[in-house]
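The values are calculated or read from the model by the stated rules, or taken from the named source; none is laboratory data. What you see is a predicted model, and the numbers here were worked out from it, not measured in a lab. Reconstructed Cβ throughout: ideal geometry from the backbone, glycine too, with neighbour counts over all protein chains shown.
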There are 4 protein chains.
Amino acid sequence: MTDIAFIGLGIMGAPMARNLVRAGFTVTGYDLAAAAVARLAEDGGKAAGSVADAVDGAEIVITMLPADPHVEAVVLGEGGVFETIKPGTLFIDFSTIKPETSQKVAEAGAAKDVRVLDAPVSGGEAGAVNAVLSIMVGGTQADFDAAKPVFDAVGKVAALVGPNGAGQVVKAANQLVVGGTYALVAEAIVLLEASGVDAHAGLDVLAGGLAASRILELKRESMLARQFQPGFRIDLHHKDMGIVLDAARQAEVSLPFGSQVAALVQAARAQGLGDADHSALLTVVERLSGRGGN
Amino acid sequence: MTDIAFIGLGIMGAPMARNLVRAGFTVTGYDLAAAAVARLAEDGGKAAGSVADAVDGAEIVITMLPADPHVEAVVLGEGGVFETIKPGTLFIDFSTIKPETSQKVAEAGAAKDVRVLDAPVSGGEAGAVNAVLSIMVGGTQADFDAAKPVFDAVGKVAALVGPNGAGQVVKAANQLVVGGTYALVAEAIVLLEASGVDAHAGLDVLAGGLAASRILELKRESMLARQFQPGFRIDLHHKDMGIVLDAARQAEVSLPFGSQVAALVQAARAQGLGDADHSALLTVVERLSGRGGN
Amino acid sequence: MTDIAFIGLGIMGAPMARNLVRAGFTVTGYDLAAAAVARLAEDGGKAAGSVADAVDGAEIVITMLPADPHVEAVVLGEGGVFETIKPGTLFIDFSTIKPETSQKVAEAGAAKDVRVLDAPVSGGEAGAVNAVLSIMVGGTQADFDAAKPVFDAVGKVAALVGPNGAGQVVKAANQLVVGGTYALVAEAIVLLEASGVDAHAGLDVLAGGLAASRILELKRESMLARQFQPGFRIDLHHKDMGIVLDAARQAEVSLPFGSQVAALVQAARAQGLGDADHSALLTVVERLSGRGGN
Amino acid sequence: MTDIAFIGLGIMGAPMARNLVRAGFTVTGYDLAAAAVARLAEDGGKAAGSVADAVDGAEIVITMLPADPHVEAVVLGEGGVFETIKPGTLFIDFSTIKPETSQKVAEAGAAKDVRVLDAPVSGGEAGAVNAVLSIMVGGTQADFDAAKPVFDAVGKVAALVGPNGAGQVVKAANQLVVGGTYALVAEAIVLLEASGVDAHAGLDVLAGGLAASRILELKRESMLARQFQPGFRIDLHHKDMGIVLDAARQAEVSLPFGSQVAALVQAARAQGLGDADHSALLTVVERLSGRGGN
């Protein structure tokens, strides 16, 4: 069965690697945290002692890392993936990073005949654990097809959306819409409650018409109850909104709403809500009107 | 069968009155446009020559009017509904107006022992024609129950959401979320297209995850094709955003996103898009970045 | 000497009327608060018992009222100024109200051959006391010239800026720029302080270059010291931002920054800062970032 | 007289280096463009063939570079300033870059006993030519004092505003306030003109009261005449707004107005106004309302 190197065994990477083991792949894992590597070995994977060790002999190399600097270091840096990877290898980066960093990685890969895909995911820890992630892929059709068995093992849907970097752009667009929808629902809640309206009944109406959204469907009751256990943390959404603004700058487009969403998420973080679920944007919106949120 | 006076036989009112006739009510209609009254009569209703004429003998009086000044004039003004309406009559105002105007109407009604409901609708002309409107109702449970047969004849869902004015607040919240969602989807489209991403594939991914919304589901293809036949016109959404801002002011809450949505819809109107579908907010968003929209 | 009727002897009106007395005019005052009327009489004016009483025999009628509904009632309503005012009289409304209300008053005046000016002022209570108000005037050149002695008695500068309503539009533009400048200076302060920069030194630099403004000049030290005694209250600025949005709606223009300023001032009010100076917008801006403002 | 190395002889650097020559310094210049180096030599400076050549023997090393990547390469990179600079040398970076890049440079300098100041300037090309720049300095008092003769030779005012990076933060705050003030004045103009008000007279009133600003004073007539010759180009302001957002992110503060200014400047650039003066934000604001700007 195909040999996979999996680098980055954090909250997302660990269950993804485990799901690849379950799907029958031979998975050699590496992480700075030795305990994470040991856990993968217990689950049927192999332990590597370094990036080079993991990459050695792999037909597919996968990274799942927190942010741009980690990708630059682990993939492009000294002792990194691209130092020892063999020509023809398929390299899949599941990290959510700037489109331009993905493009830089793809260019560096092309120079070594490595086949590169950017493949950020959505669905959070639960999606990773249950192998139901949505995967947004940038690269060529041929490489996408070659990666399909991997995507099938960790996700529910995978879509090729354009050339390298395109996966990141779609992920950015997704986070923009998600963050903005929370902001809108939050303002609706504040307006309803401050007006003395039955907010449960009101949101039920909204959820039944053109205002309907997955967020209204899944989150309105927890938002009305001010239950903000993550889920997806504000701090991560903050990182992602930084990517949205970078992507807009690179694409030379103006996103006034995206910019306001970024400012709102930044405010949430600055108000100490970094570890709360992103639906806690409601708290920022209500504090702005001197309500609740204590 | 119950005698109903129906005042305001425009794009929305005409089909609603017709559906009441079909449901077996005796409907006496009045409108400034004599042709509209004549059409109702052809459809089995009765023609009235004035507001007073229509109201005379009615057990339920209904109004469906364009905006606050019309309601103030037709209901509260000289020769208006409340001059001749009898104590105990049920009065349903389907107009979308400011919450405070609905409250004023309710207070004036209470002084005459009239039972008042504000009951703005969503669903547009198609919803009115097909009797599948969503109805947001402010008033008492008893009056809501009494009005239920009327709501059943013109709509699919009716929800009592609070005291008088609450129906308008929920409608306002709905329009805020709808307008804002269009803005977010528009920014996503502009970002995707400007980045060289396959926007169809990208929006498909968004529509399958936490970014999903009724608008993404129903409108993404028409937006990508720049087809903006109404549907619901920008000019009407502009009127509604004015109500959102009034409602926020009355409730003493700050709605930064709602305020930006209002500014965006105003821009669409100022750019000559008043008669286009509200999804044409995309045009404003792309023109801002110097793209398309010519 | 010219006989003037002065209606509305509040915080602004009282010192303005007194300054007219000092300038030699015969001033007959009226206010709902009898004490205010008595004080004017002590200061050399005459006391009237009603609007009609004040207007009777006046060559110039002046109003200085809190908001649109007061102007509509006192000028256009039953027992109001326009019931008894004589043709040819000069009517000056110093109130800050919507441009469209001023236009409505002007139309009603024209129907009675009354010469109408809208003349909102800036400069606050101190400006009224010291007769150094800035006066923005809408109307004809001839009427402006006729009113010049009045303006000279209460203000430092008076400018004819266009037809009826134009005075209100300029006042609205003024309040938009003032509120927005406070917001910008507030964000600069928060950025400097949170970055560990010497904010006094930093603002000194800003005040010496292209970022310079009257607000930076007069208010930076009190803002850095968080001293927010009015000056001009948030509640009044909130009223004025409502006029800005109405004026934009009437002119069919989109003002994204004006809309955000309005939302920010609304937030200040909702957070209990209604009686603080408008420079207290700083408190809202810093609370948004989880800083100070307790 | 003190030996200075001056690296980066562009639009700003060239006249600054020339002014240092005029003030009596021995200035050895380097730039990738040989013609710029030759011009400095004609003006009494010395020509260097490389960064190392310029730095060799200099008591003060100065850089004036376009953006962060240039500073990272020229100062920290291979063959860069810090490879050959001697301990104890004073290093002044006049470039406008991110605070965190300035801090990184200062840390690298400290490791080599180099005394580092970040000293971004405002005043534009005219300010550089006429030696009247405003200089915002981050570093220690002792190093600031040592650099004073240099600052006196190129600027009118220099202020020490905090530790390393603080100069950049103040510059960022300056650009935020300047960009925002243009936006506010632009909205005022659009509101006045669309309302049929005499905008010249209206802005005169604003310029005489609390709304007054250097921008209203210097730029209102050119803005009303739609004359947008730079001055300071939109493209540069766009770069600077990127720094503002980075600085806010580093300081963990939310700047909703700053974010909107950044989006507006981005829109100007996207609409093809990159080479126009930053007062051309007016064009974006009026196009938003379907006015002018063709």
**Request:** Give the number of residues within the range C:24-42 that are within 25 Å of C:F232 (Cβ to Cβ) and out of contact with any Phe, Trp or Tyr (no Cβ under 6 Å at 6 or more places or on another chain).
**Result:** 7
**Prompt:** Looking at the range B:270-277, is at least one residue within 12 Å of chain C (Cβ to nearest Cβ), without any contact (Cβ under 8 Å) to a residue 12 or more places away in the chain, closer than 23 Å to A:S254 by Cβ and hydrophobic (A, V, I, L, M, F, W, C)?
**Reply:** yes
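Quick one: in the range B:144-172, of everything that is β-branched (V, I, T), crowded, with 20+ Cβ neighbours inside 10 Å and in contact with a Phe, Trp or Tyr (Cβ under 9 Å, 6 or more places away or on another chain), which residue is nearest to the other protein chains (Cβ to nearest Cβ)? Walk me through it before giving the result.
First, the residues of the range B:144-172 that are β-branched (V, I, T): B:150, B:154, B:157, B:161, B:169-170.
Subsequent filtering for residues that are crowded, with 20+ Cβ neighbours inside 10 Å retains B:150, B:154, B:161, B:169-170.
So of that shortlist, the ones also in contact with a Phe, Trp or Tyr (Cβ under 9 Å, 6 or more places away or on another chain) come out as B:150, B:154.
Numbers: B:V150: 17, B:V154: 15 Å.
Per the criteria, the residue is B:V154.
Have a look at D:A225, D:A280, D:A211 and point out the one that is more than 14 Å from chain A (Cβ to nearest Cβ), farther than 21 Å from C:V261 by Cβ and buried (at least 24 other Cβ atoms within 10 Å of the Cβ).
Details: D:A225 fails: buried (at least 24 other Cβ atoms within 10 Å of the Cβ); D:A211 fails: farther than 21 Å from C:V261 by Cβ.
Criteria check complete, one pass: D:A280.
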**Complete:** Inside the range B:17-28, the number of residues satisfying the requirement of being among the hydroxyl-bearing types (S, T, Y) and either surrounded by fewer than 21 Cβ atoms within 10 Å (Cβ to Cβ) or within 21 Å of B:G124 (Cβ to Cβ) (or both) is 1
**Request:** Can you tell me which residue within the range D:249-263, out of those that are within 22 Å of the chain's Cα centre (by Cα) and at the interface with chain A (Cβ under 7 Å from one of its Cβ atoms), is nearest to B:A263 (Cα to Cα)?
**Result:** D:Q260
**Message:** Only one of C:K239, C:K219 is farther than 25 Å from D:K171 by Cβ and not hydrophobic (A, V, I, L, M, F, W, C). Can you tell me which?
**Reply:** C:K239
**Asked** Under the condition of being facing chain B (nearest Cβ under 7 Å) and closer than 30 Å to A:A23 by Cβ, which residue from the range A:173-205 is surrounded by the most Cβ atoms within 10 Å (Cβ to Cβ)?
**Response** A:A173
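Conditions (1) farther than 21 Å from B:T101 by Cβ; (2) in contact with a helix residue (DSSP H, G or I) (Cβ under 6 Å, 6 or more places away or on another chain); (3) charged (D, E, K, R), marked per residue:
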{"position": "B:R214", "(1), (2), (3)": "yes, no, yes"}
{"position": "B:R226", "(1), (2), (3)": "yes, no, yes"}
{"position": "B:G258", "(1), (2), (3)": "no, yes, no"}
{"position": "B:L264", "(1), (2), (3)": "yes, yes, no"}
{"position": "B:A268", "(1), (2), (3)": "yes, yes, no"}
{"position": "B:G274", "(1), (2), (3)": "yes, yes, no"}
{"position": "B:V284", "(1), (2), (3)": "yes, yes, no"}
**Request:** Mind telling me which of the residues B:D53, B:D113, B:D93, B:D31 ends up being touching an Asp or Glu at 6+ places or on another chain (Cβ under 8 Å) and either within 30 Å of B:G242 (Cα to Cα) or surrounded by fewer than 16 Cβ atoms within 10 Å (Cβ to Cβ) (or both)?
**Result:** B:D93
**Message:** Quick check on this structure: which one of B:A106, B:A5, B:A14, B:A47 is modelled with pLDDT of 95 or more and either surrounded by fewer than 16 Cβ atoms within 10 Å (Cβ to Cβ) or within 30 Å of B:E252 (Cα to Cα) (or both)?
**Reply:** B:A106
**Message:** Which condition from (1) free of Cβ contacts under 8 Å to residues at least 60 places away in the same chain; (2) more than 9 Å from chain A (Cβ to nearest Cβ); (3) β-branched (V, I, T); (4) surrounded by fewer than 24 Cβ atoms within 10 Å (Cβ to Cβ) is the one that B:V129 breaks?
**Reply:** (1)
**Asked** Which number in (1) more than 12 Å from chain C (Cβ to nearest Cβ); (2) under 21 Å from B:T96 (Cα atoms) marks the one condition that B:R291 misses?
**Response** (2)
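Could you tell me whether the range A:231-246 includes any residue that is in a helix (DSSP H, G or I), within 7 Å of another protein chain (Cβ to nearest Cβ) and within 30 Å of D:L288 (Cα to Cα)? Let's see the steps before the verdict.
Step one: list which residues in the range A:231-246 are in a helix (DSSP H, G or I), which gives A:234-246.
Right, trim to within 7 Å of another protein chain (Cβ to nearest Cβ) and you get A:242, A:245.
If we keep only those that are within 30 Å of D:L288 (Cα to Cα) as well, we get A:242, A:245.
Yes, that holds for at least one residue.
Could we say that C:E286 is at the interface with chain B (Cβ under 9 Å from one of its Cβ atoms) and modelled with pLDDT of 95 or more here?
Numbers: at the interface with chain B (Cβ under 9 Å from one of its Cβ atoms): no; modelled with pLDDT of 95 or more: yes.
For C:E286, the condition - at the interface with chain B (Cβ under 9 Å from one of its Cβ atoms) and modelled with pLDDT of 95 or more - is not met.
Residue-wise test of (1) of a type outside the set (V, I, T); (2) buried (at least 23 other Cβ atoms within 10 Å of the Cβ).
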| position | (1), (2) |
| --- | --- |
| D:D43 | yes, no |
| D:I62 | no, yes |
| D:A67 | yes, no |
| D:V75 | no, yes |
| D:P87 | yes, no |
| D:P99 | yes, yes |
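To keep it simple, each residue is scored yes or no on (1) without any contact (Cβ under 8 Å) to a residue 12 or more places away in the chain; (2) of a type in the set (G, A, S); (3) touching a Ser or Thr at 6+ places or on another chain (Cβ under 8 Å).
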residue: B:N19; (1), (2), (3): no, no, no
residue: B:T28; (1), (2), (3): no, no, no
residue: B:L40; (1), (2), (3): no, no, no
residue: B:D56; (1), (2), (3): no, no, yes
residue: B:P66; (1), (2), (3): no, no, yes
residue: B:G80; (1), (2), (3): no, yes, no
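Being of a type outside the set (G, A, S) and either touching a helix residue (DSSP H, G or I) at 6+ places or on another chain (Cβ under 7 Å) or in a loop (DSSP other than H, G, I, E, B) (or both) is the filter here, so list the residues in the range D:41-61 that pass it.
Just the residues of the range D:41-61 that are of a type outside the set (G, A, S), to begin with: D:42-43, D:46, D:51, D:53, D:55-56, D:59-61.
Once the filter is applied, which keeps residues that are of a type outside the set (G, A, S) and either touching a helix residue (DSSP H, G or I) at 6+ places or on another chain (Cβ under 7 Å) or in a loop (DSSP other than H, G, I, E, B) (or both), the range D:41-61 yields D:D43, D:V51, D:V55, D:D56, D:E59, D:I60, D:V61.
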